[in-house]
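K.L.:
The structure follows.
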Amino acid sequence: MSSIDVLFEPFTINSLSIPNRIVMAPMTRSFSPGNVPNDDVAAYYRRRAEGDVGLILTEGVSTNQTTATGTPNVPNMYTDEAKAGWEKVVKGVHGADGKIAIQLWHEGPMRRPDKTPYPDVASWSPSGFNVPGKVQWAPMSEEEIELAISEFVNAAEAARDIGFDAIEFHGAHQYLLDSFFWDQTNIRDDKWGGDWEGRTRLACEIIRRTRAIVGPDFPLTIRISQWKQTDFDAMTASTPEEFGIWLGFLKDAGVDAIHCSQRRFWEPAFEGSPLNAAGWAKKLTGLPTISVGSVGLSGEFIAAYGGESSEPASLDHLVEMMERKEFDLIAVGRALLQDPEWVQKIRDGRNDELKNFTKDALGVLY
Ligand SMILES: Cc1cc2nc3c(=O)[nH]c(=O)nc-3n(C[C@H](O)[C@H](O)[C@H](O)COP(=O)(O)O)c2cc1C
């Protein structure tokens, strides 16, 4: 008989103490007019701290105002107004004894210029395409790559100065960093492409230069995914050996933890072992890892966008995996988007109060 107690053991990532194993997954909410997180956004995050979430990860936050985002009302960490907004968010969360990390995001080739106020600005990508082989833009120049790095590092430094407890770099889901990792979207033959060292160089430069500024104790994490938005079965690393090489470069650059995005946390990452991606990442690197994907809900999140509703689901399988110490932390997305008290309800056995997730929740800051 498994016990949810394993979810309520403390954990540390570098110097950051986290009171339990539950992380709020990063979720774009598009509730920041002018790209500035306002008081409603601050109250939304504070409610998760009051609801005993162990570590809050913010929604993806843009590193500039032009190429980094094609999604309306997404907050940035670029303008003074947005930084002032984030300061209020951090104060609110700390006022409720919570911990909060910012997720820094560049949409890269997934940005749709026509959906932005800058339709004539080309999206940034390693080789000019978002889906393999379909050329849309010129590949990023050396100057643009340098600019992308400095914008990530500047945003990270600003986030540390504002008081965020940690920084997560968004290296998943076919966005800028992931499109450099994946050999189907990165066919460059210069030092930013080619082998694993070349394809991880952009992320590693961002990590290394951030580490040089924030010092050895400040927690840095990266989120990665094998799956792509245009291909759920894609695998950036096709074997555990390749996965180890990829993550090894990120570890050597200085990340403290790896967050492995999956749509369903229980799915094995490679044939022949039940370990999921976070399980393999922990085994291969020895770093703390975060898993995610359909925790506490019957359906997965992409289908939720399409209108499929989900019911509360058992946590037994999750608990068994965590009791086996396959990974260290579990991120929870929609269940926490819908219900700021989800952690307390799980802890206190108030299962009859758990809610279904419906698409309508996407339009509300509960
Ligand atoms: C509304 C919404 C917005 C999301 N935005 C982000 C994001 O900004 N960054 C990111 O890495 N993942 C994002 N995701 C993915 C989630 O972090 C998470 O991996 C996914 O929802 C699976 O977890 P769940 O099944 O518990 O919802 C988003 C998911 C949802 C539902």
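The values are calculated or read from the model by the stated rules, or taken from the named source; none is laboratory data. Predicted model, so just to flag it, every value in this text is computed and none were measured. Counting neighbours? That spans all protein chains shown, and the Cβs are built from the backbone with ideal geometry, glycine included.
K.L.:
Look at the range 75-109 and say how many of its residues are assigned to a loop (DSSP other than H, G, I, E, B), under 16 Å from Phe169 (Cα atoms) and of a type in the set (Val, Ile, Thr).
P.N.:
Residues that pass the stated criteria total 0.
K.L.:
So, Ala253, is that one at pLDDT 95 or above, surrounded by 16 or more Cβ atoms within 10 Å (Cβ to Cβ) and touching a Cys at 6+ places or on another chain (Cβ under 6 Å) or not?
P.N.:
When the stated conditions are applied, Ala253 passes them.
K.L.:
Further question: Could you pull out the residue among Arg160, Arg211, Arg199 that is of a type outside the set (Ser, Thr, Tyr), at pLDDT 95 or above and out of contact with any helix residue (DSSP H, G or I) (no Cβ under 7 Å at 6 or more places or on another chain)?
P.N.:
Residue meeting the stated conditions: Arg211.
K.L.:
A follow-up question, please. Quick check, is Ser30 touching a residue at least 12 places away in the same chain (Cβ under 8 Å), out of contact with any Cys (no Cβ under 6 Å at 6 or more places or on another chain), under 22 Å from Ser294 (Cβ atoms) and surrounded by fewer than 17 Cβ atoms within 10 Å (Cβ to Cβ)?
P.N.:
Judged against the criteria, Ser30 is not a match.
K.L.:
Name, by its number, the condition in (1) part of a loop (DSSP other than H, G, I, E, B); (2) away from the ligand (no atom under 12 Å from the Cβ); (3) surrounded by fewer than 21 Cβ atoms within 10 Å (Cβ to Cβ) that does not hold for Lys345.
P.N.:
Tallying (1) part of a loop (DSSP other than H, G, I, E, B); (2) away from the ligand (no atom under 12 Å from the Cβ); (3) surrounded by fewer than 21 Cβ atoms within 10 Å (Cβ to Cβ), Lys345 fails exactly one: (1).
K.L.:
Those residues that are polar (S, T, N, Q) and either surrounded by 12 or more Cβ atoms within 10 Å (Cβ to Cβ) or not in a loop (DSSP other than H, G, I, E, B) (or both), I need them from the range 300-317; list them, please.
P.N.:
Ser309, Ser310
K.L.:
Right, something else. Consider Phe327 carefully, then state whether it is within 10 Å of the ligand (Cβ to nearest atom), on the phi < 0 side of the Ramachandran plot, of a type in the set (Phe, Trp, Tyr) and buried (at least 16 other Cβ atoms within 10 Å of the Cβ).
P.N.:
Answer is no for this residue.
K.L.:
Would you check which residues across the range 111-154 are crowded, with 16+ Cβ neighbours inside 10 Å, modelled with pLDDT of 95 or more and not in a loop (DSSP other than H, G, I, E, B) and list them?
P.N.:
Ile145, Leu147, Ala148, Ile149, Glu151, Phe152, Val153, Asn154
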